[in-house]
Structure formats: structure tokens, C-alpha cells
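Data block below; observations after.
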Number of protein chains: 2
Amino acid sequence: MTVSSFNNKEVDHKKTIIIKDAMILTMDRDFSYFEKGSLVIKGNIIVAVGELSEDELSVYKDARIIDGNGKLVMPGLINTHTHVPMTIFRGYADDLPLHEWLYEYIFPIESKFITAENVRIGTKLAVAEMLRSGTTTFNDMYYYVDEIAAIADAAGMRAVLSEGVIDFPAPNSPSPKAGLQLSEDLLKRWAGHPRISIAIAVHAPYSSSAKNIVAAKALAKKYNAHFHMHVAETRKEYDESLAKTGFTPVAYLDNLGVLDEKMIIAHGVHLSAEDIDILTQRGVSVAHNPECNMKLASGVAPVPELLKAGIKVGIGTDGVASNNNLDLFEAMNTAAILHKLNSNDPTVLDAQTVVEIATIGGARLLGMENEIGSLEPGKKADVIILDMLQPHAHPVYNIYSLLVYSLRGSDVETVIIDGKIAMENRKFTHLDEDGIYAKVEQIAIQIREKSIEMAEIIGRKIKD
Amino acid sequence: MTVSSFNNKEVDHKKTIIIKDAMILTMDRDFSYFEKGSLVIKGNIIVAVGELSEDELSVYKDARIIDGNGKLVMPGLINTHTHVPMTIFRGYADDLPLHEWLYEYIFPIESKFITAENVRIGTKLAVAEMLRSGTTTFNDMYYYVDEIAAIADAAGMRAVLSEGVIDFPAPNSPSPKAGLQLSEDLLKRWAGHPRISIAIAVHAPYSSSAKNIVAAKALAKKYNAHFHMHVAETRKEYDESLAKTGFTPVAYLDNLGVLDEKMIIAHGVHLSAEDIDILTQRGVSVAHNPECNMKLASGVAPVPELLKAGIKVGIGTDGVASNNNLDLFEAMNTAAILHKLNSNDPTVLDAQTVVEIATIGGARLLGMENEIGSLEPGKKADVIILDMLQPHAHPVYNIYSLLVYSLRGSDVETVIIDGKIAMENRKFTHLDEDGIYAKVEQIAIQIREKSIEMAEIIGRKIKD
């Protein structure tokens with residue numbers, strides 16, 4: 001795997017795509033929405049959007065025309081926290097307490113089954129699932145990142161990827177130090193790629209020593225890379241941090257000097273008012289994962305308060321082992337209704353705000369707001385097209401309401417990333433899915449067998 | 001509209017359908033699941049299910065064979081609380097407090113736009129949406145029930161329908177008394193229909209007088225019909241009931257003598273321990289609507305406690321104006337994760353329990369557990385077939401987990417109700433959708449115009 005594998009040399013930068021006569025939701029600063037508009041893409045860049053006349057469109061010669069009648073065109077969704085290869089664990093261990101789930105099921109099985117080959121298979125399944133449900137960019141933390149990068153690149157996706165560093169042997173590195181070396185190798189190898197960028201990740205404040213967290217941050221700074229970490233996910237983590245360090249997880253990290261505008265914390269469920277102040281002052285971003293926080297009974301992140309404080313918030317699915325899918329439409333719906341319930345106020349997190357979080361908000365979190373997250377001339381063409389000729393897509397009073405409360409990931413029909421069509425009419429153009437389901441089921445059979453064996457050793461009840 | 005319109009005379013009761021080599025989830029008493037099984041339907045009845053040999057299948061001559069490879073076959077889902085014509089209000093008024101939403105938006109606009117024609121159009125859209133997402137039976141409360149019944153019947157759906165009685169003029173009846181007369185007419189007209197049955201409905205304890213509630217219950221008893229009512233949906237309703245009557249909504253209804261095993265209460269969010277005792281003793285059922293309860297910030301129904309008490313619980317979407325769709329897969333997912341969060345216990349409402357509630361549980365609530373809700377020989381053939389050759393449907397460790405946490409309504413490909421194919425490969429066989437989207441959008445334009453006019457009159461801020 002080297003830079004020479006970039007497949008965007010296939011992009012013809014003179015090629016023009018025009019999507020005509022579509023509903024177009026731009027998510028630009030004015031929230032411009034066109035009931036019948038056009039979008040023009042030249043190479044990998046959006047060059048025009050809006051109600052364009054035939055005259056205005058006629059200047060674009062030899063354009064590929066996509067008929068937008070009955071379609072909604074909008075920016076691709078941005079998944080700000082996930083672990084994509086974990087698709088192979090979808091449904092492996094559900095309805096369990098977080099600690100038992102993580103330490104008795106996920107960590108042991110990861111140590112046996114996270115190989116380069118299984119990461120490739122799991123990532124392929126994940127990329128297929130993300131494209132199918134309208135995600136164009138994802139922010140990932142896992143192991144064997146080179147493999148993840150290669151699959152995501154080949155499929156035409158945009159991604160920010162990081163090797164998870166943790167204070168026990170990881171599947172592909174014997175020590176945190178080796179993990180950081182892997183990260184640095186990745187930073188060098190993928191530098192300059194138009195769609196794949198590398199961040200630094202430490203699993204969590206409680207699973208890494210202060211020394212390793214500080215070393216990881218130093219590396220991130222050296223390369224001006226983002227730093228991605230699970231923080232304040234559970235009450236247990238919060239209470240234990242207080243007991244052990246005398247500080248909340250956020251205050252502890254602040255004392256280590258690692259919080260700044262390149263820091264992305266996943267979850268941020270248990271935050272004190274002081275924690276929110278710290279995050280605001282340091283410019284830290286929060287990746288909100290409403291579904292897995294509910295499913296694992298972790299709690300509710302104070303998203304309305306974070307937004308009020310001006311903190312950058314993105315939405316995420318987390319890994320499939322705890323969600324159990326990569327569908328951001330479902331995450332948007334859940335976020336919108338969860339915060340209404342939790343605030344006892346049905347006006348909280350209105351639909352427009354939720355769509356903002358899932359598009360331009362996610363872009364801001366990743367520092368990419370000048371490149372992606374909205375449909376504006378000069379921005380990169382990360383665009384999704386939804387089929388609106390469906391019962392649940394009518395009537396259209398308010399496009400944001402429709403998106404958040406009624407539309408589904410399965411409504412996404414076509415996906416364009418960096419000007420290239422990655423999926424058209426639900427068929428992948430670059431991703432080779434051949435035999436992927438059979439391969440995934442084969443891994444599942446092995447995992448089930450190993451799980452029974454492990455359960456017998458530790459005397460654990462076997463879950464059906 | 002008379003009994004002669006029943007279109008099941010088209011059913012050829014000798015016709016046999018065999019679904020072969022499918023994953024089959026029966027939801028029978030033993031929760032039997034077959035990784036590769038067959039299901040045989042003769043006329044409108046399931047005659048065999050399980051791992052059937054070619055020899056066993058060969059006795060069924062001239063059967064239509066459906067290839068089940070890569071498919072999941074399961075009982076059709078049962079929506080135990082909805083108002084289907086309200087699809088025309090999808091997204092009309094969101095992110096508003098319940099009382100303002102109901103009294104300033106929904107009730108006024110209903111009084112102008114609920115006509116027989118608009119009910120037909122809204123119901124057609126709803127039926128299309130329900131079939132597309134795997135619902136085979138729905139329990140509805142609305143106005144112009146004859147129109148709803150005719151559309152549901154023609155589309156081949158199973159439904160329990162009731163005319164909503166309320167203490168102000170309804171769109172199609174000037175008084176509660178006239179509303180009850182409509183109900184009695186319906187009971188007579190639709191008696192004996194194989195798929196459509198009629199129930200009695202009163203909107204809510206706070207919107208009808210005690211006298212009218214008691215009269216409605218007497219009518220229900222006369223015809224041995226179910227009685228459907230919104231009860232204890234909001235804190236406001238609960239507190240006002242205590243203040244006004246000295247009793248909780250449930251205790252108040254119990255004092256009126258209307259609670260028994262034919263009573264279906266929708267919501268049941270605010271229930272005291274004594275209320276749960278009353279519901280248990282009287283054999284009352286609860287239709288749980290997790291999404292609209294969250295969206296309107298109404299609260300969380302104590303579903304784990306209801307189940308523990310042995311109360312029959314079904315799942316519902318409520319009307320589209322407050323959900324905003326009729327997708328029970330979404331409702332299942334939301335229910336499963338909501339109660340984990342609310343109970344601070346990720347083992348609560350496990351996936352199998354949720355699927356049970358949405359199938360055989362709903363059948364029990366409607367008193368139809370001997371006819372539908374599971375795939376067993378002798379039961380009516382209400383069956384859905386899901387396409388599993390999709391990224392988010394792999395791997396399959398646990399079929400319940402997959403259904404609740406990952407699959408979507410859009411995965412439903414084929415729907416069989418009462419032995420007849422109502423949708424095949426996502427195409428409707430009986431429902432004429434011609435021009436339905438355009439008609440719905442036309443109504444929406446009129447509603448938007450009227451809404452602006454009304455807003456000007458009452459000086460209300462116009463929501464975009």
C-alpha cells in the first residue's frame with residue numbers, strides 16, 4: 001500500500017455532471033433550498049447550484065445529465081465516530097451491560113479475530129452499508145488502518161482514519177509505543193491523499209496512561225492531525241475518573257494539556273457545567289452517538305447545551321457492535337426525538353439543526369467545512385441523491401422534517417464523492433462486493449464457535 | 001359501500017403458495033426459527049411450516065413456489081395505534097409543544113381538510129407505506145371510517161377501525177351521539193368481513209364527558225367490540241385529571257366501569273403503580289408509541305413494568321403527524337433502545353421481546369392471537385418476506401437482534417395477507433397508486449395556504 005494506489009487518477013477533471021430539475025437542499029449559510037434546481041459538478045468541484053436556466057446550463061458542454069425529477073439532492077452525510085470493521089460483530093452480543101459487553105465479549109473476540117483479512121472484509125461490508133445509506137465521509141478509530149484506508153479509497157469514500165492506541169496489546173501492535181509508530185507511518189504514507197486523511201486516536205482516558213495520551217497528542221501536533229478519543233461515555237467512567245484522579249475525564253485531559261480545536265471526543269455523555277466550559281474554551285468537538293448511548297444505557301449527551309455553548313457537534317453511529325448499523329438517517333431521527341424527551345421540550349433540536357449537525361456540522365468537526373458539508377460553488381462534490389417517489393416521502397411541507405422524521409437510509413439512490421459516482425441507482429461503481437456476504441457469514445461461524453469455547457472456559461452463560 | 005364490496009371473493013381458496021428454502025421466524029410459543037425452511041399456505045391458511053423435505057412438499061400440487069433463498073420470512077407486523085389518513089399532515093407541524101401542536105395546528109386544520117375524499121387519499125398513501133414496511137394489520141381511530149375501510153379492504157389489508165368520538169363537532173359528525181350512531185352503522189355494515197373489523201373509539205378521557213364515555217362502552221359491549229382510547233399520554237393530562245376528578249386517568253375510567261379485556265389504551269405513559277394494578281386486574285391492553293412519545297416529549301411508558309405485570313402490550317406508530325411515518329421497524333428499534341436508557345439497564349426489552357410485542361403481542365391486544373401474529377399451521381397467512389442480500393443484514397448471529405437493531409422497513413419485499421399477495425417485489429398487486437403523490441401534494445398546497453391564512457387571523461408566527 002503506497003500513495004501510488006490512489007485511484008483518483010481515474011477522475012477526469014474535465015468531466016461535467018449536471019443534476020437537473022431536482023429538489024436541492026444546500027445546507028449553505030442561508031439554508032438555501034430549491035424546489036426545482038440544478039447542480040453542476042466539474043471534475044471534483046461544485047461549480048453551480050440553484051435555479052439555473054437552460055442558457056446558464058448550456059455553457060457546460062458534454063455534460064453527463066442526471067434527471068433530478070422526483071429526487072432530492074443534498075450534501076453527503078458525515079459519520080463522525082465509528083469503527084467500521086466491527087460490522088463482522090453485528091448482533092454478536094446485544095442486550096448486555098456495557099462493561100460485560102466490552103470486556104467479556106468484544107475485547108476477547110477482537111483479540112482473536114481482528115486480522116488484516118477480517119478487517120478488509122468487515123470494512124468492505126461497512127463501506128457498502130455506508131454508501132447505501134448516504135454517508136460520504138467517516139471518522140474512524142480501529143486497527144489495521146492501512147487495510148481500512150485501502151478499501152475506503154478503492155470504493156471512492158472520504159475518510160479520516162486513526163489507529164486505536166490502548167494500554168494493552170492491540171491486534172496489530174504489541175504496545176502503545178508500537179501503535180504510535182504505526183500511526184506515524186500512516187501519517188507519512190497517506191499524506192496528500194485527496195480523500196483519505198490520518199488522525200491520531202487513543203481509546204479512552206481510562207484505558208491509556210497519562211504518558212501515552214501525552215505522547216499521542218505530541219505526535220498529532222507534529223503532523224497537525226486530529227486527535228480522536230472516547231471520553232465521558234459512561235457514569236462509571238466519570239465516577240472512576242473522579243475517584244482515581246480527582247478530576248472529571250474532561251478536566252483530567254485538560255490538565256494533561258491535550259484539549260484543543262483538533263480534539264474530537266466521542267460520546268461526551270457525562271459532562272459537568274465546568275466540563276462544557278473547558279470544551280468551549282479549548283474549541284474541542286463532540287461526536288454524538290445517540291443510538292449506542294441509548295442501547296448501552298450510557299445516558300444522554302447534553303447536545304442542546306453543547307450547541308448553545310457554540311461547541312462543534314457531529315453525529316455518529318459508533319461501531320456496528322453497539323448500534324447495530326451505520327445508518328445516519330436513523331441516527332438523525334433518534335437524536336431529534338431523544339433530546340426532545342430528555343429536555344422535556346419538543347422544540348429542542350429541531351429538524352433543521354439535526355440535518356446541520358449531520359452535514360456541515362460534521363465537516364466543521366473534522367476541520368473540512370471549507371471543502372465539504374454543503375452544496376456550494378467551489379466546494380468538493382460530495383453529493384447524495386434520494387428517491388422521493390415513495391409513500392413515506394409525501395407530502396413535502398418541510399424538507400428538514402421529512403429528512404429527519406420520515407426518510408430512511410434506503411432512500412439514497414446515488415452517491416457522488418469528490419466528483420466521482422461511487423454508487424448509482426444503488427449499484428456500486430468501484431466497490432467489488434463479490435462474495436462479501438458469504439465471507440462475512442463464514443467469519444461469524446468461526447466467531448460463534450470460538451465464543452462458545454471461550455464461554456465454557458470462563459463459565460459464562462452462552463447467549464443464544 | 002356495502003358488504004358486497006369485499007374483494008376476497010377473488011381469493012381462490014384452493015390455491016397453494018410455498019415459500020421454499022428461506023430463513024423462517026415463526027414467533028410461535030417456542031420461538032421456533034428455521035435457518036432453511038419452508039412455509040406452505042393453502043387458501044388463506046398456513047398449513048405447514050418448518051424444515052420440510054421434498055417428499056413432504058410434494059403433496060401440495062400446483063403450488064406457486066416462491067424462492068426463499070436470501071430471504072427472511074416472518075409474521076406481518078401489527079400496528080396497534082394509528083390514525084392513517086393523517087399521512088396528509090406529515091411534516092405539517094413539527095418541533096412544537098403537544099398542546100400547541102394539537103389545538104393550534106392539528107385540530108383546526110382537520111376541521112377544514114378532513115373530507116371523505118382527503119381521507120381516501122391519505123389512507124391510500126398510508127396503506128402503501130404500511131405494506132412497503134411490512135405492516136399487515138393496523139388498529140386505527142379516525143373519521144370517515146367507511147372510506148378507510150374501503151381502501152384498506154381493496155388493498156388487501158387487515159384492520160380494526162374505529163370512528164373517533166369527541167365532545168366537539170367532528171369532521172363527519174355534528175355530535176358525539178351522531179358519532180356513536182356512525183359507529184353502530186359501521187358495526188352492522190362490516191360485520192362478518194374476514195379482514196376488516198370495527199371497534200369503538202373515544203378520543204380521550206379529557207375530551208369526552210363521562211356520559212359519552214359510558215355510552216360508547218355500552219355500544220362496544222353490545223357488539224362485543226374493542227374500545228380504543230388515548231389515555232395518560234401527557235403529564236398535563238394526568239395532573240389535570242387528578243385536579244378535576246380526584247383520580248388518575250386510569251382510575252377515573254375504572255370508576256366509570258369501562259375498563260375490561262376489550263379495552264385498548266394508547267400511550268399509557270403516565271401511570272401510577274395503582275394504575276398498573278388496575279390495568280392488570282381488568283385485563284386492559286396498552287398500545288405503546290415510543291417515537292411520538294419522544295418527539296412530543298410526552299414521556300416514557302413503563303413498558304418493562306407493564307410486561308412484568310402480564311399486561312398485553314402492542315406497538316404503534318401513532319398518526320404520521322406526530323411520528324412522522326408508519327414504519328414499525330423504526331418503532332421496534334426505538335422501543336428497544338428507549339427502555340434500556342430509561343431503565344438505566346441495557347438488558348431491558350431485549351430484541352426477542354420487542355419482536356414479540358410487534359407480532360403475536362399485537363395480535364393478543366386485538367384478541368386475534370388464534371388467527372394471526374405467528375406462523376403456525378391453522379393460522380391465517382399474514383406473512384412478510386424480507387430481502388436479506390443487503391450489507392446491513394449481515395452477519396446473522398441472532399435474528400431478533402438483526403430485526404430490531406439493523407433491518408429497516410424498506411427491506412420488506414413481499415407481503416401476503418390472508419393468503420393473498422398484497423405486495424410482491426415491492427409492487428402492489430391490489431392497490432392503485434396512480435397519481436397518489438400528486439394528489440397528496442395538491443392537498444398539502446391547500447393546507448399550507450389555509451394555514452398561513454389562519455395564522456394571520458390568530459396572529460400566530462408562521463412556521464416555515
Considering only residues that are of a type outside the set (D, E, K, R) and either closer than 17 Å to B:N344 by Cβ or free of Cβ contacts under 8 Å to residues at least 12 places away in the same chain (or both), which ones fall in the stretch A:225-253? A:A232, A:T234, A:Y238, A:L242, A:A243, A:T245, A:G246, A:F247
Which residues, counting only those in the stretch B:422-433, are over 30 Å from A:T317 (Cβ atoms) and buried (at least 22 other Cβ atoms within 10 Å of the Cβ)? B:A422
The number of residues in the stretch B:339-353 that are assigned to a helix (DSSP H, G or I), closer than 29 Å to B:I24 by Cβ and facing another protein chain (nearest Cβ under 7 Å) is 2
For B:R408, work out the one condition from (1) within 22 Å of B:H288 (Cβ to Cβ); (2) within 14 Å of chain A (Cβ to nearest Cβ); (3) touching a residue at least 60 places away in the same chain (Cβ under 8 Å); (4) open to solvent by less than 10 Å² (accessible area, probe 1.4 Å) it doesn't fulfil. (4)
From the list B:E274, B:E305, B:E330, B:E291, exactly one residue is assigned to a helix (DSSP H, G or I), within 11 Å of chain A (Cβ to nearest Cβ) and open to solvent by 20 Å² or more (accessible area, probe 1.4 Å). Which is it? B:E330
Scanning for something outside any helix (DSSP H, G or I), modelled with pLDDT of 95 or more, open to solvent by 10 Å² or more (accessible area, probe 1.4 Å) and more than 26 Å from B:V300 (Cα to Cα), does the stretch A:281-288 turn up at least one residue? yes
Out of B:I109, B:I148, I need the residue that is open to solvent by less than 20 Å² (accessible area, probe 1.4 Å), touching a residue at least 12 places away in the same chain (Cβ under 8 Å) and farther than 20 Å from B:H81 by Cβ. Which one? B:I109
Scanning the stretch A:361-400 for residues that are within 14 Å of chain B (Cβ to nearest Cβ) and under 22 Å from the mean Cα position of the chain (by Cα), which turns out least open to solvent (accessible area, probe 1.4 Å)? A:L386
Selected residue (only one of A:L57, A:L96 is assigned by TED's automatic domain parsing to the domain that holds A:K36 and either farther than 25 Å from A:P290 by Cα or not aromatic (F, W, Y) (or both)): A:L57
Go through the stretch A:228-271 and give me each residue that's farther than 13 Å from A:I213 by Cα and part of a strand (DSSP E or B). A:I264, A:I265, A:A266, A:H267
From B:I41, B:I45, B:I65, grab the single residue that is more than 14 Å from every other protein chain (Cβ to nearest Cβ), surrounded by 23 or more Cβ atoms within 10 Å (Cβ to Cβ) and in contact with a strand residue (DSSP E or B) (Cβ under 8 Å, 6 or more places away or on another chain). B:I41
Which of (1) in contact with a helix residue (DSSP H, G or I) (Cβ under 8 Å, 6 or more places away or on another chain); (2) more than 14 Å from chain B (Cβ to nearest Cβ) is the odd one out, the single condition A:M157 does not satisfy? (2)
From the list A:A336, A:A358, A:A351, exactly one residue is touching a Gly at 6+ places or on another chain (Cβ under 9 Å) and buried (at least 24 other Cβ atoms within 10 Å of the Cβ). Which is it? A:A358
Might you check whether a residue that is under 26 Å from the mean Cα position of the chain (by Cα) and not assigned by TED's automatic domain parsing to the domain that holds A:V119 occurs anywhere in the stretch A:450-463? no
How many residues are within 11 Å of chain A (Cβ to nearest Cβ), more than 20 Å from B:D418 (Cα to Cα) and in contact with a Ser or Thr (Cβ under 6 Å, 6 or more places away or on another chain) if we restrict to the stretch B:99-144? 2
Per the list (1) at pLDDT 95 or above; (2) within 8 Å of chain B (Cβ to nearest Cβ); (3) open to solvent by 10 Å² or more (accessible area, probe 1.4 Å), residue check on A:L96 breaks on (1)
Among the residues of the stretch A:317-327 satisfying the criterion of being in contact with a Leu (Cβ under 7 Å, 6 or more places away or on another chain) and within 11 Å of A:N289 (Cα to Cα), which is nearest to the other protein chains (Cβ to nearest Cβ)? A:S322
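The values are calculated or read from the model by the stated rules, or taken from the named source; none is laboratory data. In this text, all values refer to a predicted model and were calculated from it rather than measured experimentally. Glycine also receives a Cβ, built like all others from the backbone with ideal geometry; neighbour counts cover every protein chain displayed. Please note that ligands, DNA and RNA were not included when accessible areas were found on the heavy atoms of the full protein model with its side chains. Shrake-Rupley method; radii C 1.70, N 1.55, O 1.52, S 1.80 Å.
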